[in-house]
Amino acid sequence: MKGRVLIMAGSDSGGGAGIQADIKAVTAMGGFAATAITALTAQNTEGVHGVVAIEPAFIAQQIEVVLTDIGADALKTGMLHSAEVIGVVAAGIKKYAPGVPLVVDPVMVAKGGHRLLLSEAETALRDVLLPMSALITPNLPEAEVLAGFPVRVEADMKRAAQKLATLGAKAVLMKGGHLDGDRVVDLLFHDGRFDRFEDQRIESRSTHGTGCTLASAIAASLAQKMSLHDAVARARSYVRKAIETAPGFGRGHGPLNHAVTVRSD
């Protein structure tokens, strides 16, 4: 069950997040992953130790050559560190993949606290990329930046999702992992309604790359023509299994076990 996904994001040398997690997640879903790398990071489970930006013209070239040859059934963005990069990515999508569903993971800060999005790029993310998205997948700190108000309880999550929809996102998956409590609630806002997903929280330090992994798994399922609700449900199941069976590598926030498989029905 293939499904071509072009991922435009940064590389994680530790293999737990970024492009590396994206490729693994799409492959685990039975899809085919292609990439346009936007930045290189020297990164491990303890944090980001260095970042090298890729020239915007070369990012544009990666997007062009992939989309004009291999093509894509879905698109996914991750780390887009500057307004210029966001502009290049948006232009490439409009030119070579109009109408292809885009999943935007609004990566702003790494798990260890390192900022991955320049503050001046937040406006570009909100004004340029968000209106192009079929789905945006913010965690609560990201939702606060994009919506412009604190998101601390489930009611705030609903209000933030509706605000992002008014800004142009066709659907919003509000990830509630930052809320306190032993239950994790995610809210999917689409077609004017909310779908609520709730699970027992998994106590684990192996949570590096969960956002990248979830968004890419959703993109792969959308590429395979699954409904949005089913794509989110399948991706959440995959991420939970990947956390539960994590290998325990590293001294910090460890990687997931991306090799797990989930049923597609």
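Laboratory data are not the source of any read-out in this text; all were calculated from the coordinates shown. None of these values were measured; they are calculated from a predicted model. Cβ coordinates were reconstructed from backbone atoms using ideal geometry, including for glycine residues, and neighbour counts include every protein chain displayed.
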query: Under unit Cβ charges (Lys, Arg +1; Asp, Glu -1), what dipole magnitude, rounded to 20 debye, does the chain have relative to its Cα centre?
result: 440 debye
- line: Under 5 Å from the placed amide H of residue 136, counting only residues 5+ away or on other chains, we find 104, 171, 172, 173
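Based on the Cα atoms of the range 211-265, what semi-axes does the equivalent ellipsoid have, where each is the square root of 5 times one gyration tensor eigenvalue, given in whole Å with the largest first?
On the way: eigenvalues 108, 22, 12 Å².
Over the Cα atoms of the range 211-265, the ellipsoid semi-axes are 23, 11, 8 Å.
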task: Return the lysines within reach of residue 94: Cα separation strictly under 27 angstrom, same-chain partners fewer than 8 residues apart disregarded; answer none if there are no such residues.
output: 2, 24, 76, 163, 170, 225
message: With θ taken as phi - 60° and the coefficients 6.51, -1.76 and 1.60, list the Karplus ³J(HN,Hα) couplings across the range 78-91 in order, rounded to whole Hz; mark glycine and proline as x.
response: x, 5, 10, 6, 9, 4, 5, 5, 4, x, 5, 5, 4, 5
query: So who's got an amide H within less than 5 Å of the one on residue 11, skipping anything under 5 residues away but keeping other chains? H placed 1.01 Å off N, in plane.
result: 19, 38, 39, 40, 41
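In the P(r) worked out for the chain, what percent of Cα pairs fall beyond 31 Å? Each step should come with its number before you reach the end.
Values: 5393 of 34980 pairs.
Value for the chain: 15 percent of Cα pairs lie more than 31 Å apart.
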